[in-house]
Amino acid sequence: MPPIEPRLTSNQEKVIRDKYLRDDPSPAAWLERVAGNVALAEVLLDPRAASWGVFTGVSFREERGMRLLHPGLDGEEARHANFSRLLANAESACRRVPEAAAARDAWAGRFYGLMARWDFLPNSPTLMNAGRPLQQLSACFVLPVPDSLDGIMMAASAAAAIQKSGGGTGFSFSRLRPAGAAVRGTSGAASGALSFLKLFDALTATIKQGGTRRGANMAVLRCDHPEVLDFIRLKREPGALENFNLSVGVDAAFMRAVAEDASYDLRDPRDGRPTGRVRARAVFDAMVECAWATGDPGLVVLDRINASGSNPTPALGDIEATNPCGEQPLLPWEPCNLGSLNLARFVAGEPFRAAFDFARLRVAAAESLRFLDDAIEVNDYPLAECEALAKGNRRVGLGVMGWAEALALCGVRYDAPEALELAERVMACVNDAARDASVALARERGVFPNWSGSVYDPASPHFRGVELRPRHCARTTVAPTGTIAIAAGLQGGGIEPFFALSYTRYNARALEAAAAGRVPDEADIYREESPLITGAAAAGRESVLVCAHEIPVEAHVRMQAAFQRHTDNGVSKTVNLRADATTDDVRRAYLLAYELGCKGVTVYRDGCKGRQVLNLGDGGCGRATCS
């Protein structure tokens, strides 16, 4: 590994020891473990792997360029033992065969350098589990919830398997018949979609994810489901659904009806039969009022997602839901590995007058994309269905964090027009570099197996006019980067502005203690103060350190839209509002986000929950958090 020793602030050290370090003797050893483990994929994918004995004694099935390790094996233990044998063989080859060691070490060194410099970090499950017995590396999963008791229980069982491995889950409950509908074969009536949503919430409450993460879920319900108004109001009940974020799935027809104050049909999800009519504006107003009061529901634009780069394989079906924080639309059973470039590391020059080093950013984006591609291969998926879609689509989510720090170092206010122009240049650079790197990897390793029939295939009925042969069906995502941003030494997670220049952050254990009426342990509380304060004052540039509650609603939304224009998947961005914000502020955010082409939008009004993650003073959670 390169002789780079990670430099840590006290809060970096605190979160790394709390979340990631475990039995590793140092942060350098932790990152070496992650880098070396992910780089084993270089051995697995090498044409000489079989001759090195990598697949000896391993059960697998070859299918359209995929090596599937789960099919034909009965039970979680058998699947895990088979996968562990594969990695043990690869490690053995590295000890015995110089060429195998060279294949791994060349990229392990680069991956270590990316992480040790804090240029890039993958999602938390990779940092927690790579090179450890669990070996589940994906952050995001979406699971189907079919309209049958057997199907619902299968989804619940799958969710438990994913959550105990550290992954977050998203669900659409839109296929479930409403409360009171007849149940075939009995004289009873259905309990409704919302009753099963509450069941899934209770299940999550019993599972501590991967030993370190509390469960996080997304529930999506379409705007034409008969129970949509009850769904919107679910979190009005104190303490309800604390393990779920909620989003209403809307489309162009609904938003047009809102604009025209028209009514629309609610429909039975089994056959599309109308069950009643409702004013669109009444539904929209209920969304606005509940989001103002509780932070939920958000809004997700389903038809826009399916007509965009978020669903490049429409032959496989429609996307109906997203991961817990909304940035990753996924097909049913599809997982995704995320990673984020630390933009504060890609500015050069005098602080507060610096400029972006786009050449270095492009190189790092390409190397980070290879890291994420390798992670697909060394990932022990909790379910065979997830492995098949992960390797068939090879969807990844390369994104950014530290945008607030980067803007400040460049001397640009977050709410200035120049910030929007720079946002588009930066994300276009990352997106283009990721696309080019994906095409180059496809020449080396093959296109994603579900390419035939995709939007990139000229012979497909779904072709959208641009022929491309990438390794990954989609490549870029902007995630919230809660924990990994702190691990990288940032106050600006994702593309958020600074929450404040000095504030308090509570981790999951602190929130649980506060909920139980106990005083949180000081080890679970993070006192944050931006290290840029002193430098900005000395340089006479204090005005560039603008914070979330000082930024107009429109500036929040326009920033999200600027990044979305150059992102394949979605963009997570919370419109953080002051405590005295009005429902009109929420309404403007929702309408402008739709108008500007965002795929979803979330608002959070300070203090609308009794306990929240970020606090100007002492406090305690609102929406379920992601890292």
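For region 391-522, what is the relative contact order in percent, using Cα pairs closer than 8 Å and at least 6 residues apart in sequence?
Values: 171 pairs, mean separation 43.5, N = 132.
In percent, rounded to a whole number, it is 33.
How high is the FRET efficiency between Ser452 and Arg61 when r is their beta carbon distance and R₀ equals 22 Å, given to the nearest 0.05? Spell out each step's value before the answer.
Details: r = 19 Å, r/R0 = 0.86.
The formula returns an efficiency of 0.70 here.
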Tabulate in residue order the Karplus-calculated ³J(HN,Hα) for region 243-253, using 6.51 cos²θ - 1.76 cosθ + 1.60 with θ = phi - 60°, rounded to whole Hz; enter x for Gly and Pro. 9, 10, 9, 10, 9, 8, x, 10, 8, 4, 4
Residue by residue through region 138-144, which ³J(HN,Hα) values in whole Hz follow from phi under the Karplus form 6.51 cos²θ - 1.76 cosθ + 1.60 (θ = phi - 60°), with glycine and proline marked x? 8, 8, 10, 9, 10, 10, x
Quick calc, Ala78 & Ala428: beta-carbon distance into FRET formula, R0 45 Å, rounding 0.05, result 0.45
Expected output is a single nm value to one decimal: the length gained when fully extending between Arg443 and Glu418, i.e. 0.36 nm times separation in residues minus the C-alpha distance. What is it? 5.2 nm
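Within 10 Å of each candidate Cβ there may be at most 10 other Cβ atoms; applying that plus a DSSP loop requirement, which trypsin sites (Lys or Arg not before Pro) in region 175-284 survive?
Arg184
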With Gly72 itself left out, Lys, Arg at +1 and Asp, Glu at -1 over residues whose Cβ is under 10 Å from its Cβ give +1
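About its Cα centre, how strong a charge dipole does region 418-551 have in debye, to the nearest 20, once Lys and Arg get +1 and Asp and Glu get -1 at the Cβ?
Numbers: 13 positive and 17 negative charges, 120 e Å.
Taking the Cα centre of region 418-551 as origin, the dipole is about 580 debye.
Need the full-extension length gain, Ala516 to Leu8, defined as separation in residues times 0.36 nm minus the C-alpha distance. One decimal, nm. Before the final figure, lay out each step's value.
On the way: separation 508, 0.36 × 508 = 182.88 nm, distance 3.25 nm.
Roughly 179.6 nm would be gained on extension.
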Farthest toward positive dipole pole in region 1-62 [+1 Lys/Arg, -1 Asp/Glu at C-beta], among Leu8, Val58, Leu31: Leu8
What list of ³J(HN,Hα) values in whole Hz, one per residue of region 289-300 in order, does the Karplus curve 6.51 cos²θ - 1.76 cosθ + 1.60 (θ = phi - 60°) give from phi, with Gly and Pro shown as x? 5, 6, 5, 4, 7, 10, x, 9, x, x, 10, 10
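Per residue, how much accessible surface does region 237-385 expose to a 1.4 Å probe? Answer in Å², no decimals.
It amounts to 32 Å² per residue over region 237-385.
At 222 nm, what helix-only mean residue ellipticity would the chain give, in deg cm²/dmol to the nearest 500, using -39500 (n - 2.57) for each DSSP H run of four or more?
Working: 21 runs with 245 residues, N = 627.
Computed mean residue ellipticity for the chain: -12000 deg cm²/dmol.
Keeping the other protein chains in place, figure out the carbon and sulfur percent of the accessible area of the chain, with a 1.4 Å probe. The partial results should precede the final answer.
Values: 11700 of 22750 Å².
The C+S portion of the solvent-accessible surface of the chain is 51 percent.
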Determine the per residue accessible area of region 114-205 with all protein chains present and a 1.4 angstrom probe, expressed in square angstrom. 32
Mind ranking 394-403, 154-163 by how tightly packed they are, going by the mean number of other C-beta atoms within 10 angstrom, highest first? 394-403, 154-163
According to a simple spin-label model (label point 7 Å from Cα along Cα-to-Cβ), what is the distance in nm between Arg17 and Ser195? 5.0
Report relative contact order for region 441-505 in percent, whole number only (criteria: Cα-Cα under 8 Å, sequence separation at least 6). 21
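Kindly work out what percent of the DSSP beta bridges joining two residues of the chain are antiparallel, to the nearest 5. Write down the numbers at each step before the final one.
Working: 29 of 60 bridges.
The answer is about 50 percent antiparallel.
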So for the pair Ala307, Arg270, with labels modelled 7 Å out along Cα→Cβ, what separation do we get in nm? 3.2
Around Gly298, which amide H atoms from residues at least 5 apart in sequence, or from another chain, sit under 5 Å from its own amide H, with H modelled in the peptide plane? Leu246, Ser247, Val248
Rounding to the nearest 20 debye, state how big the charge dipole of the chain is about its Cα centre with +1 on each Lys and Arg Cβ and -1 on each Asp and Glu Cβ. 520
Simple label model, 7 Å out from Cα along Cβ direction - Asp230 to Ser157, nm: 2.8
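Is region 275-423 best put as rounded, prolate or oblate by its Cα gyration tensor, with a ≥ b ≥ c the root eigenvalues, rounded for a/c under 1.5, and otherwise prolate when a/b is larger than b/c, oblate when not? Don't skip to the answer; put the middle values down first.
Details: a/c = 2.65, a/b = 1.21, b/c = 2.19.
It comes out oblate by the Cα gyration axes.
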On full extension of the chain, what length is gained from Ala523 through Ala106, given 0.36 nm per residue of separation minus the C-alpha to C-alpha distance? 146.3 nm
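Quote the relative contact order of region 127-189 in percent (integer), defining contacts as alpha-carbon pairs under 8 Å separated by 6+ residues. Provide the component values of the computation, followed by the final result.
Details: 60 pairs, mean separation 20.2, N = 63.
Relative contact order, region 127-189: 32 percent.
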Cut-off 12 Å between beta-carbons: net charge of the residues surrounding Ala101, Lys and Arg +1, Asp and Glu -1: -2
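The values are calculated or read from the model by the stated rules, or taken from the named source; none is laboratory data. Model, not experiment: these values are computed from the prediction. Methodologically, a virtual Cβ is constructed for each residue, glycine included, from the backbone with ideal geometry; neighbour enumeration extends over all protein chains shown. With ligands, DNA and RNA removed, areas are computed over all heavy atoms of the protein, side chains included. Shrake-Rupley method; radii C 1.70, N 1.55, O 1.52, S 1.80 Å.
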